[in-house]
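Accompanying notes for the structure given below.
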Amino acid sequence: MKPLLTIAILILIVNALYGQASKWDPAKAGTWRLENHLPDKSFKTRNITLSASDNIAFKQNISTLAEWFRQNNRMLKTPTGYDLRALVTWVWSDYSTIMDYDYAIPCEMGFLFELFYSDGSKWKVEPPQYNFDINATYGGIDGLFFTPESIVDDGSRYDQSLSGKVDKALNNLRQYFRVYPLKESPHPGVDIYQAYRDGWQQNGKQRIVIYNPERPPYWIPVTVSEMADAHLAYYSLFQKKEIDRMLLEQLKQEIAELSPEELAAPAYAGHDSHFVLKVNGTRQGYQIMRFNPAYWDRSLPPSAIQFMAFFNENLTEDEMADQEKRNYPNYPQLFANEIKWDKVATLIMKKK
């Protein structure tokens with residue numbers, strides 16, 4: 001048999017087997033299970049210590065929250081065509097520096113739809129899933145606004161005696177993030193931020209924030225000047241390589257080109273000609289914010305759930321139908337469609 005023909009036949013066989021193995025089975029009843037990986041022992045980071053009682057209480061609060069979603073969303077209560085795995089992971093880790101705007105213990109909760117296949121197998125690795133953040137302070141559109149290149153701490157780019165200052169300047173920059181425009185606040189404690197799609201503020205991606213409306217604003221705007229100062233504090237520490245010295249000079253030049261009025265204006269992401277300080281004060285692009293440390297009610301324990309942020313692809317009916325026709329229903333979107341945001345807002349813990 002000719003080699004090309006042999007290869008073609010093998011490809012057809014593999015495709016046929018894969019297609020058979022990957023055919024979705026929508027009728028099989030599934031089960032629910034919770035994997036809560038939150039720690040229940042005391043934990044110490046560089047500048048905060050959480051007691052075992054704090055962590056145990058938080059783990060219990062999160063388990064209660066997961067069960068609430070199970071009882072109040074059909075996609076979780078009666079899984080059909082998939083097993084539902086609720087997965088909870090901690091956001092902080094031993095390499096994190098807890099900033100002054102952190103207080104309540106943060107975590108991520110995910111609902112993983114482990115689809116059944118007609119051959120009896122199941123989609124276990126990275127299945128369709130819906131994730132949201134609890135008590136997390138990093139969350140606008142895409143998390144961190146400023147993510148510089150990887151830095152090897154070997155003294156080649158900065159004096160190692162400056163390592164502490166580099167960490168501080170970097171963590172300061174990482175507190176900033178972009179946010180979608182606020183579309184509406186349909187219920188007390190519910191804000192919906194919506195992206196633009198094809199120039200229209202309809203059917204775009206959404207960020208839904210659940211919060212305590214009795215507290216100060218959870219996100220606060222920053223000025224162009226604040227962003228400029230944060231960039232200067234960072235780039236000024238890198239002076240060993242010519243390229244770093246050039247970047248610093250370019251940054252200073254870009255700042256000098258900004259008028260006093262623009263420096264004092266709210267910062268927005270992007271600039272037509274700047275490539276170091278990619279920020280403008282002319283309201284072009286998405287606004288840059290940071291988490292407000294005054295939002296936290298510190299009379300509550302750090303185990304209290306005070307803030308949640310959800311994401312919604314907000315797919316159209318045509319997009320949903322197209323995906324189901326090609327493979328399987330978009331379970332994460334179906335889950336999001338059933339969420340009653342006014343009910344979720346009642347889960348934010350407040351003073352008794």
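Every read-out reported here was derived from the displayed coordinates using simple, explicitly stated rules and does not represent laboratory data. The structure displayed is predicted, hence computed values, not measured ones. Positions of Cβ are backbone-derived with ideal geometry, glycine not excepted, and every protein chain shown enters the neighbour counts.
If R0 is 22 Å, the Cβ-Cβ spacing of TRP32 and LYS205 corresponds to a FRET efficiency of close to 0.20.
Holding the Cα-Cα limit at 23 Å, pick out from LYS23/LYS205; LYS28/LYS205; LYS28/LYS122 the pairs that are longer than that.
Cα-Cα > 23 Å for LYS23/LYS205; LYS28/LYS205; rest within.
Descending by average beta-carbon neighbour count within 10 Å, the peptides 216-222, 321-327 line up as 216-222, 321-327, the highest first.
Please give me the summed charge of the neighbours of GLU249: other residues whose Cβ is under 14 Å from its Cβ, Lys and Arg +1, Asp and Glu -1. After counting each charged neighbour, the total is -1. Tell me which lysines have Cα within less than 18 Å of LYS278's Cα, excluding those fewer than 8 residues away on the same chain? Within reach: LYS252.
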